[in-house]
Amino acid sequence: MTNPKGRFGIHGGQYIPETLMNAVIELEQAYNHFKEDEEFNKELTTLFNDYAGRPSRLYYAEKMTKDLGGAKIYLKREDLNHTGAHKINNVLGQALLAKKMGKTRLIAETGAGQHGVATATAAALMGMECVVFMGEEDTKRQALNVYKMKLLGAEVIPVKTGTATLKDAVSEAMREWTKRISDTHYCLGSVMGPHPFPTIVRDFQAVISKEIKEQMLEKEGRLPDAVIACVGGGSNAIGSFYHFIDDKDVRLIGCEAAGRGIDTFETAATISTGKLGIFHGMKSYFCQDSDGQIAPVYSISAGLDYPGVGPEHAYLYDIGRAEYVAVTDDEAVDAFEYLSKTEGIIPAIESSHALAHAIKLAPTMDKNKIIVITISGRGDKDCAAIARYRGENIYE
Amino acid sequence: MSNIKKAFRNGKAFIPFITCGDPDLQTTAEAVREAVKNGADLIELGIPFSDPTAEGPVIQGANIRALAGGIKTDKVFSFVRELRQDVTVPMVFMTYANVVFSYGAEKFISTCARIGIDGLILPDIPFEEKDEFMPLCRKYGVDLISLIAPTSADRIGMIAKEAEGFIYIVSSLGVTGERSSFSADLKSIVRTIRENTDVPCAIGFGISTPEHAKEMAAISDGAIVGSAIVRLLEKHGKDAPQHVGRFVRAMKDAME
């Protein structure tokens, strides 16, 4: 039998070079210690509430609900967090953990730049050194976030290898970690990579579903009928799903980036188009060719532009507990514009993938049903790119 | 006795690494033959992978060139079958877990055995995950090579006790690629290995000069050289085999 550690069904595991094994073992031990530690949890709650602005609002989108004419729609406003996305939840947890472990330096990968900005923010706050790896292609798509990371004191290293996007940034961050381990923590940004990362990141993001549950019970006195979130690696989605996994009547729906369509090669919809494989430390589903070469994926959204998916999502898919649908660039851009005009909320293009599916789903459901959509981040960073997508040549 | 152990029978082993299909398979074949003619004891053949996370820029480049040239796993298999007509030294594959997994582990490993591949080096399969492939490797008589790193510390004994073929000692932290200094603990790593097994051990990662090879061979059973050879292929392309031969000769001479 394969390594039982960090398994979600057949997925997960620790497929990494020997050089890193003691580092992940040390991380697992430290995490198991501190997650039960009263002082650690008190500090983290203070950071969440006083620094990141938690709990995030659960907002009843009344206009949207009326316009779509079906299920009642609530938005979980992770976009209102400090740094503008759910990424801060995980980063504050990991940075605090790293600090307790005596690490003085954080390294991270980033796609859209949100995780990089969040990591740079936590590093600034905690007085740690910070290096962020970002695909060169993404540094161009998300120039503003590159500036923010530098402003926060981080070094940003453009990654030129491969497709110069998120997967290459992950590879380069892993390479950097094998070079320098003793003072460095790899602050992985999603529920992926080798054990214990998928578990640690999920636990820090699970605050999203914990709050949704409390807020929903308070507002409606019952649980929602569906929770919808976008999935790249899958951290905001697993965070939104986690405390509902045992509530079998709550549909959990993950929205992957179909790019130009799942019948094209320009897609990043891993569960819809990928197959089982081993990459970036984990067994899961990956977009790959028949020889196991990882596919150069594409999405308008730099944050969903990843050829794999977190192992717990792969498992939830296998057992049929969560559904995964693919949403195209066009649909996501329409949803981006729709929420801006309807509710006065500019969502991240990543979150717009979840919105796009909800826009299709809500009218098919009864008015007494309830949908929660996680708005994982705000869309300021995407405005220039969407304008260009619509043929308007503006630059940040 | 595993075929790999033969590589260590006559003194210190020199183990060159070559990426299959960089720049093309014909050049790879000639480079292997030149290496063997000039004293290589074991050949490590790389099957290219799109995202080689344990490699530095030089070997990453070889992977990209080989894939761009249309290398497929099946082409590598038929290439080795042909190479085995005249090359008799032990040969191992170095690739990544997904290349083996996606081909079908049993189909991949049984094919290795059939075409004369003696071992498999998978840098993203640590001790904890080796059961992914180990039962099949045992079934078909292909050694799954264990790696030990400067950070392995308390893990060395556990890994060494179950090692087969030879042990690949990673010389220092980081990815593959030439470097000027190595971990200070190599001697004590070798000592701990020898307390636990008689499987030979060779040191790799960053070895690029005859002086390095001599130094590493003095404290272990051999030296593995990748990036320095791949660099010759990058620089000389189809004319590289003779340069590879000369390089192997210089390294081997220094080790004796």
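Throughout, read-outs are computed from the coordinates displayed, never taken from laboratory work. In this text, all values refer to a predicted model and were calculated from it rather than measured experimentally. Don't worry about glycine lacking a Cβ; one is built from the backbone with ideal geometry, like all the others, and counts go over all protein chains shown.
Non-local amide H neighbours of A:T328 (under 5 Å, H modeled in plane, Pro and chain starts lacking H): which ones?
Result for A:T328 returns A:A258.
Just need the Rg to Rh number for region A:288-365, please, alpha carbons only, Kirkwood Rh.
1.04
Shape of region A:188-347 from its Cα gyration tensor (a ≥ b ≥ c, root eigenvalues): rounded if a/c is under 1.5, otherwise prolate when a/b > b/c, or oblate?
Oblate, since a/c reaches 1.5 and b/c is not below a/b.
Can you list residues whose amide H is under 5 Å from A:K72's amide H, if they're 5+ apart or on another chain and H is modeled 1.01 Å from N?
Answer set, sorted by chain and number: A:K369, A:I370, A:I371.
Find the all-direction average of the projected area of the Cα convex hull for region A:256-396, expressing the result in square nanometres with one decimal place.
10.0
Let me make sure I get this right: for region A:140-181, a, b and c are the square roots of the gyration tensor eigenvalues over alpha carbons, sorted descending. Under 1.5 in a/c it's rounded, otherwise prolate if a/b > b/c, else oblate. Which is it?
Oblate.
Rounded to a whole number of µm²/s, how large is the Stokes-Einstein D of region B:121-197 at 4 °C and 1.567 mPa s, given Rh as the Kirkwood radius over C-alpha pairs?
98
Using the Karplus curve 6.51 cos²θ - 1.76 cosθ + 1.60 with θ = phi - 60°, what ³J(HN,Hα) values do you get for each residue of region A:263-270, in whole Hz, with x for Gly and Pro?
Values, residue by residue: 8, 10, 7, 8, 8, 10, 7, 5 Hz.
If the cut-off is 13 Å between C-alpha atoms, which aspartates and glutamates fall inside it for A:K66, apart from same-chain ones fewer than 8 positions away?
A:E343, A:D366
Give me log10 I(q)/I(0) at q = 0.14, 0.20 Å⁻¹ for region B:113-256, Debye formula, one equal scatterer per alpha-carbon, no solvent.
Cα-only, vacuum Debye calculation for region B:113-256: -0.72, -1.25.
Go ahead and run the numbers for FRET between B:D24 and A:E218, Cβ-Cβ distance against an R0 of 56 Å, rounding to 0.05.
Efficiency computed from Cβ-Cβ geometry: 0.25.
Rounded to whole Hz and in sequence order, give me ³J(HN,Hα) for region A:190-199 from the Karplus expression 6.51 cos²θ - 1.76 cosθ + 1.60, θ = phi - 60°, writing x for Gly and Pro.
Calculated HN-Hα couplings, in order: 9, 7, 9, x, x, 3, x, 4, x, 7 Hz.
In Å, what Kirkwood hydrodynamic radius results for region B:10-122 from the alpha-carbon pair distances?
Taking every pair of different Cα atoms in region B:10-122, averaging 1/r and inverting gives 14.1 Å.
Taking R0 as 35 Å, what's the FRET efficiency between A:E39 and B:S188 from their Cβ-Cβ distance, rounded to 0.05?
0.40
If you add up the charges near B:R246, with Lys and Arg at +1 and Asp and Glu at -1, over every other residue whose beta carbon is less than 15 angstrom from its beta carbon, what do you get?
Residues close to B:R246 contribute a combined charge of +2.
Taking A:K210 as the anchor, which aspartates and glutamates have their alpha carbon closer than 15 Å to its alpha carbon, excluding any fewer than eight residues away along the same chain?
Straight-line reach from A:K210, under 15 Å: A:E78, A:E218, A:D246, A:D247.
Along Cα→Cβ, 7 Å out, is where each label goes; now give me the distance between the ones at B:M134 and A:R57 in nm to one decimal.
Label-label distance for B:M134 and A:R57, simple model: 5.6 nm.
Could you work out how far apart the two model spin labels at A:D67 and A:K179 are, taking each label as a point 7 Å from the Cα in the direction of the beta carbon, and quote it in nm?
It is 4.8 nm.
What is the sum of charges, Lys and Arg at +1 and Asp and Glu at -1, for the other residues whose Cβ falls under 11 Å from the Cβ of A:I271?
That sum, taken over residues with Cβ under 11 Å, equals -2.
Can you return the lysines within cross-link range of A:K100? Criterion is Cα-Cα under 23 Å, with same-chain partners fewer than 8 residues away left out.
Qualifying lysines at Cα under 23 Å: A:K35, A:K42, A:K87, A:K179.
Across region A:17-30, in residue order, what do the Karplus-derived ³J(HN,Hα) couplings come to in whole Hz, using 6.51 cos²θ - 1.76 cosθ + 1.60 with θ = phi - 60° and x for Gly and Pro?
The phi angles translate into x, 3, 3, 9, 4, 5, 5, 6, 5, 4, 4, 4, 5, 5 Hz.
Report, to two decimal places, the Cα Rg of the protein assembly as shown normalised by 2.2 N^0.38 Å (N = number of residues).
Expressed relative to 2.2 N^0.38 Å, the Cα Rg reads 1.00.
As an exercise, use a Förster radius of 45 Å and the Cβ-Cβ distance of A:K360 and A:I10 to find the FRET efficiency, rounded to the nearest 0.05.
My answer for the efficiency is 0.90.
If you take the square roots of the eigenvalues of the alpha-carbon gyration tensor of region B:3-255 and sort them as a ≥ b ≥ c, do you get rounded (a/c under 1.5), prolate (a/b over b/c) or oblate?
rounded
Once the piece of chain linking B:R81 and B:N10 is laid out straight, how much longer is it, given 0.36 nm per residue of separation minus the C-alpha distance between them?
Gain on stretching B:R81 to B:N10: 23.0 nm.
Quick one: which residues, 5+ away or cross-chain, put their amide H under 5 Å from the amide H of A:E323? H built at 1.01 Å from N.
HN-HN under 5 Å from A:E323: A:L252, A:I253, A:G254.
Please compute the Kirkwood hydrodynamic radius over region A:171-249, one decimal place, Å, based on all pairs of different Cα atoms.
It works out to 14.2 Å.
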